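The values are calculated or read from the model by the stated rules, or taken from the named source; none is laboratory data. Source: prediction; values computed, not measured. Here the Cβ is made from the backbone with ideal geometry for all residues, glycine too, and neighbour counts use every protein chain on show. Remember, those area values only see protein heavy atoms, side chains included, never the ligands or the DNA or RNA. Shrake-Rupley method; radii C 1.70, N 1.55, O 1.52, S 1.80 Å.
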Amino acid sequence: MSDFLSYLASFFSYNPEKPLLFTQIHFWVFFLLVFAGFSFIVTRKWKLTARNAYLFAVSLLFYFKTSGLFVLLLVFSTLLGWLLGIGMDRSYSQPRRKALMITGVTVNLGVLGYFKYAYFFTDIFNATFGTDLHIVTKILLPVGISFFTFQNISYIVDVYKRRIPHVSNILDFGFYTSFFPQLVAGPILRADQFVPQLYKPFFLGRRQFGIAVFWILNGLVKKLVLSDYLAVNFVDRVFDNPALYTPFENFSALLLYSLQVYADFSGYTDIAIGVAMLMGFYLPKNFNSPYKATNPTDFWRRWHMSLSRWLRDYLYIPLGGNRTSGVTSYTILAVILLIAAFRLHNLAFTLAVVAIIITVALLWFFRPANRRTLGTNVNNMDTMLLGGLWHGSSFNFITWGGLNGIGILIYKWWHRQGWIEQLIALGLATALLHLLRAIVGGPLLAMLHVGFLIALIFFTLLALLPQGGRGIRKAQHVWSVALTFVFISFTRLFFRSGSNLDPAEANEQAWQTASMMVTQIGSHWNLAQIPDILGHYWIPFLIFLIGMVIHWLPERFKRRYRLAFASLPLWAIGILTVATVILVYQFVTADLQPFIYFQF
């Protein structure tokens, strides 16, 4: 009995070393107890507020188990959003409504900025002006603060724009802001999508139950078999010391990390969707086979879709979208670039920033007919740069976001050109890189030169073949998918290099790691070593191959086997569930890897 009481005491206490992770047995014990209480409530057909109040309470407990007293921050954010929603809907004065909306957005961003970016901006200020200011001495980052902050902003803006009415009951609203399956790592709940579900009675059909179990198992397989195994047995080793590994191993680590981070994040989302579905709630789809994307724009329509849509609707469109751009758009771009130039103390980068700002200014003044296109491009870059900063308070995340923005702009320009202009552009770029490589040297120029040379040869061959054939279109599609995957993987060099570090160390160490990996990849390739490397790491490479093949399967095929699983008898689902769990836990490492997106 004393052992049981001790377990209960530890279960309801906060231990920073043991947060409730979907991959731990403690979470499933927690969910079993929560679901038992939930089932008792919904079978009694009490008012929906009782169900929502219960889930609000257990969600606060879940967050306390994950972040300790930072649960008070979640409570404050919830109370603020609830009061502002009521205030806006009860006010007949448009200026007062707008003032309340601005207050809500400002306070939410202020809280997020303090906890997530105070150290970052203090470091920038000290480095720029040579001061020793200390606003914060230790970085304190509440788990999931970016997610529940964005959800509150979504609610405040949607109520202000009268897309939804305010939620009058604090218990209902608290449930919206704190729903535990998605609380700490998304997907981001949009108020206009989820608030209506607060008032729908519980329903879980036979097929929905099967689909929910499938998503949970699918997420566990992604996380433990794909993500954690690739991380521990290959990716982390290379990133920890790139100089010890060959160019092929460094290049492979980038590609394998792309699968790792996808399996990690989408695995969490799958489990969250399944757990929510068991309780009758539907979370938004967050991934749509992103590595089937044929260009960077397509990739961001498929990757972390809840964040991409949030940034589109609450940042890109308010900035002007593809219609126009104002002073704010150009100011954001200039400020981010200038801060980066001052902080990095790199002459070449500073000159490049000055050149970009002057070029944008000249285009705006002397090409008024193209201001709309220029403004759209600036809005795109602002969105990607701020999206990168959302992921982490260091320049490696801004660099990652900026590279994705550049990729989107280059693709849009490329898409507008005919094949003759494309060949000319590729030829000129290849010649320029060849010249720079001969004069300046360096592994980065060597990589780019080889890449552009391969692209030039490929597009030349395509141009010589008859256009319009199915084989040509298929080759172009495969090329586009492969090129997009490699490009996205290379941008993640900056994402991964700093994502496992304290923000206070991320800038310097991330750039060192990135520079070392670029140097290794751009150095001489000994092709004779590749068979030995594949033989030594055959399991990680096989898992990577299987994972990518499954990822590239047609969506209709995946839907069929999901429905086939959901249609099985309950006893068969039970057997498959037990077998899958036993199989999955054969891959569990000594220390369970935390979900990557917990830190964001």
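As a check on your grasp of the helix formula, calculate [θ] at 222 nm for the chain: sum -39500 (n - 2.57) over DSSP H runs of n ≥ 4, divide by the residue count, round to the nearest 500.
-23500 deg cm²/dmol
Could you work out the relative contact order of the chain? I mean the mean sequence separation of Cα pairs under 8 Å and 6+ apart, divided by the number of residues, in percent.
18 percent
Hey, what's the per residue convex hull volume over the C-alpha atoms of segment 335-434, in cubic angstrom?
124 Å³
For segment 317-382, what is the convex hull volume of its Cα atoms per residue in Å³?
Spread over its residues, the Cα hull of segment 317-382 gives 71 Å³ apiece.
Lysines near residue 47 by alpha-carbon distance under 25 Å, same-chain residues fewer than 8 away left out - which ones?
Cα-Cα hits under 25 Å: 200.
Obtain the nm distance between the two label points defined at residue 478 and residue 45 by a simple spin-label model: each point lies 7 Å from its Cα along the Cα-to-C-beta direction.
Each label point is offset 7 Å from its Cα along the Cβ direction, giving 6.0 nm.
With +1 on the Cβ of every Lys and Arg and -1 on the Cβ of every Asp and Glu, and nothing else charged, how large is the dipole of the chain about its Cα centre, in debye rounded to the nearest 20?
Computed about the Cα centre, the dipole is about 2600 debye.
Please report the base-10 log of the normalised intensity I(q)/I(0) for the chain, using a Debye sum with one equal scatterer per alpha carbon and no solvent, at each q in 0.08, 0.12 (1/Å).
For the chain, the Cα-only Debye profile gives -0.63, -1.43.
Return one whole number: the accessible area per residue of segment 55-97 in Å², for a 1.4 Å probe.
Here the per-residue accessible area is 45 Å².
Which lysines does residue 65 reach when only Cα atoms under 17 Å apart count, and residues fewer than 8 places away in its own chain are ignored?
18
Farthest toward the dipole's positive end in the chain, which of 118, 62, 204, given Cβ charges of +1 (Lys, Arg) and -1 (Asp, Glu) about the Cα centre?
Comparing the listed Cα positions along the dipole, 204 ranks first.
Calculate I(q)/I(0) for segment 270-397 by the Debye formula, one identical point scatterer on each C-alpha and no solvent, and give its log10 at q = 0.13 Å⁻¹ to two decimals.
Once normalised to I(0) and log-transformed, intensities are -0.68.
In the calculated pair distance distribution of segment 186-292, what percentage of Cα-Cα distances lie above 21 Å?
Of all Cα-Cα pairs in segment 186-292, 48 percent lie more than 21 Å apart.
If you take the Cα atoms of segment 149-200, find Rg, then find the Kirkwood Rh from the mean of 1/r over all pairs, what is Rg/Rh?
0.93
Could you compute how fast segment 42-177 diffuses translationally, taking Rh as the Kirkwood radius over C-alpha pairs and applying Stokes-Einstein at 37 °C with viscosity 0.692 mPa s? Give it in µm² per second.
Rounded, D is 197 µm²/s.
Among the lysines, select those whose C-alpha is under 27 Å from the C-alpha of residue 98, and discard any that sit fewer than 8 residues away in the same chain.
Residue 98 reaches 116, 161.
With contacts defined as alpha carbon pairs under 8 Å and 6 or more residues apart, what's the relative contact order of segment 331-451 in percent?
14 percent
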